[in-house]
Amino acid sequence: MKPAILVAGIGSPHGDDRAGWFVIDRLGGSVTESCSLRKIKVPHELLDYIDQVDVLHLVDAYAAESSGSRIVRYELTGGVESPSELRFELAGDPSEAVGNSTAVAANPRSDTSHHIDLVSVLRLMGQLKRLPRRVTLWAVPGKRFEADVSLSAACEAGAIRCAKTIRQELDDA
Amino acid sequence: MNRRKTRKIEVKALTRVEGEGSLKVTIDGDRIEEVQLAIYEPPRFFEALLRGRPMEDAPDVTSRICGICPVAYQMTSVHAIERAIGICVSPEVRRLRRLMYCAEWIESHGVHMHLLHVPDFFDCESSIALAKRFPDEVNRGLRLKKHGNQLLEVLGGRAVNPINVTVGGFYRAPKRDEMHALIDDFQWGLDASIAVTRWVAGFDYPDFDQDYEMVALQHDDEYPLNEGRIASTRGWTADVSEFETHFRERQVSHSTALQSVRAATDSAYFVGPLARVNLNRERLSPVARQLSDDVGIRWPCNNPYQSIVARALEVVHAYEESLEILRDYQPFEPARLDYEPRAGESMAITEAPRGMIYNRYRVDDAGKIEAVKIVPPTSQNQLQIESDLRAVLPRLLAGDDQTTARECEKLIRSYDPCISCSTHFLKLEVVRR
């Protein structure tokens, strides 16, 4: 039986913070029946959609320091016995790490408001025994996050690549 | 001679408040010299963004100010604009708007209570620690939150930035079966919210009664959400059009948010669920009203830590009112009133989860927005929070700075402030002389 998959784009209407939502729009209509897509604004909204989800893909923008910044993939590890130790670890080339860190800190979002941070939400899921078996975070590079600006061309290009990669992974699942 | 002693404590964030802020306390011996709460408010450029735009853009733009209470901003904007152009929505629209507000209260209060505030009462560092101790209660709270989100999806078109609210009504009235599908969950939610209220009412609360001027909307016939007169626990009432007569905003050097104060006295005032319940307890829904008598709180209540009980009562009310509307609901047309744009200016206040939001809009005869003023609830509570901190600090000073910081955060969280759009960390700076 195929795993129940949720792909959630975390974002807001502000500039490149739309990247997560853009990826969801890009994937829409091209995913399988066992996969659902969601746009969310704050991480704790995941708690509304997480039941019976086996595999969770999260997409969010990060503030890129250089124009050549890449899409970065992290996997949630640890914490099977102790949910408070759940953390994201870089999956791939360390040179691709966001901010030269191989582990995502408690708050990977660059523009925060009104929420428990993503890692805390996942730890809460772990504590409540509602955590999916696998959680992957895709971080899309962005540059501008001001209110009332559009998604930049560079970020859009990154989001398109990210959607393509996720779609491939869903097809291979 | 006293040696000058300065200590600086950095706390990474004003944790579990929705957004970030900073707090600086200066102490001279045993005397609290200064308390400065810095709030990084959603930039005033949202007001500037709206200028020149069609008035129909207001709900969509203003919903982006706040991730947790988009409905509050949307509703206040459309109410102000509708008054400005002289239109009056149908009773069906009015009812649906109240339902939408109930959804936002259920979600916002649910999040605040279970993920942010309840941990304080058990010395839990986080909701994770709380979930370890009370998994059933946290799961219950999360299910309540989910209901609010589900109802917002039905009414708003989507949960993320609801898009269905517009000047004159809604773009689309929901179908009957969409609404009826929620009834079973909401009946569960009503029972669960009663249990939550009894649970939180039994917490140990610090003894901290203060002499507040509390302000909220008041209405002759209903618990106020979208409409009413401004009312104060000092005994006066006023039309919403008189808001700027009674309150003024002032700039303070330590905060980008303007502080709202009483115009005549420059004094603080208190908005939010505790103010609403104190001023409108008789208008709570029957179950919520009875529960407010049963839970052992002395009303009117002037202990900000017990705001959580007021929030819990409001969730009961929201479920009870929602069930009534859901059960009786009949689809209606038109969902949106036809109107002609005309020049005008008016004001509106609605009750966001955190307290009154005030809007003033001026539009031209082409329906373009000429001027906007938005006063959110957190800026209205900012001075009151500082005043409370000044009052509570003397009892905290014997402890170390880390404990002091934590206790200050707990008091601030009682207000459920909406501190948004900031990447800053909180610094609790304690300067001792």
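Taking only Cα atoms, what is the 0 to 90° angle, nearest 10, from helix B:135-156's long axis to the longest principal axis of chain B?
On a 0 to 90 degree scale, this one is about 40.
For B:I27, list long-range residues whose amide hydrogen, built 1.01 Å from N in the peptide plane, is under 5 Å from its own amide hydrogen.
B:E33, B:V431, B:R432, B:R433
Check each of the chymotrypsin sites (Phe, Trp or Tyr not before Pro) in the range B:204-257 and keep only those in coil by DSSP with at most 12 other C-beta atoms within 10 angstrom; list them in order. Provide the component values of the computation, followed by the final result.
Numbers: sites: B:F208, B:Y212, B:W236, B:F243, B:F247; in loops: B:F208, B:Y212, B:W236.
Taking the range B:204-257 and a limit of 12 other Cβ atoms within 10 Å, the loop chymotrypsin sites (Phe, Trp or Tyr not before Pro) found are B:W236.
Expressed in whole Å with the largest first, what are the equivalent ellipsoid semi-axes of the protein assembly as shown derived from the C-alpha gyration tensor as the square root of 5 times each eigenvalue?
Ellipsoid half-lengths, sorted descending, are 35, 31, 25 Å.
Given the pairs A:K39/B:K373; A:K41/B:K410; B:K373/B:K410; A:K129/B:K132; A:K39/B:K145; B:K24/B:K410, which are separated by over 19 angstrom at their Cα positions?
Table pairs above 19 Å Cα-Cα are A:K39/B:K373; A:K41/B:K410; B:K373/B:K410.
Could you tell me the center-to-center distance, by alpha carbons, between the range B:204-272 and the range B:358-423 in angstrom?
Going from one Cα centre to the other spans 13 Å.
When a/c is below 1.5 the answer is rounded, else prolate if a/b is larger than b/c, else oblate, so apply that to the range A:117-173 with a ≥ b ≥ c taken from the square roots of the Cα gyration tensor eigenvalues.
Oblate is the answer for the range A:117-173, as a/c is 1.5 or above yet b/c matches or exceeds a/b.
Could you let me know the centre-to-centre spacing of the range A:19-67 and the range B:118-164, using Cα atoms, in angstrom?
Answer, in whole Å: 19.
Apply the Karplus parameterisation 6.51 cos²θ - 1.76 cosθ + 1.60, with θ equal to phi minus 60°, to every residue of the range B:345-354 and state each ³J(HN,Hα) to the nearest whole Hz, in sequence, with x for glycine and proline.
Calculated HN-Hα couplings, in order: 9, 7, 10, 8, 10, 10, 9, 5, x, 8 Hz.
For the residues A:T32, A:T165, B:T404, what sequence is obtained by ranking on other C-beta atoms within 10 Å, fewest first?
So the residues, fewest neighbours to most, are A:T32, A:T165, B:T404.
Which aspartates and glutamates, on any chain, are close to A:K143 with Cα under 14 Å apart, when same-chain ones fewer than 8 places away are left out?
Those aspartates and glutamates meeting the cut-off are A:D16, A:D17, A:D60, A:E65, A:D111, A:E156.
How would you rank B:I32, A:I40, going from fewest to most other Cβ atoms within 10 Å of each one's own Cβ?
On the way: B:I32 16, A:I40 25.
Taking fewest neighbouring Cβ atoms as first place, the list is B:I32, A:I40.
Rounded, prolate or oblate: which fits the range B:238-316 when a ≥ b ≥ c are the square roots of the eigenvalues of the alpha-carbon gyration tensor, with rounded for a/c under 1.5 and prolate only if a/b beats b/c?
Note, shape of the range B:238-316 comes out prolate.
Bear in mind that the values in this text are calculations on the coordinates, not laboratory data. Given the structure is predicted, the values throughout are model-derived calculations rather than measurements. Because the Cβ atoms are built from the backbone with ideal geometry, glycine has one as well, and the counts that use them run over all protein chains shown.
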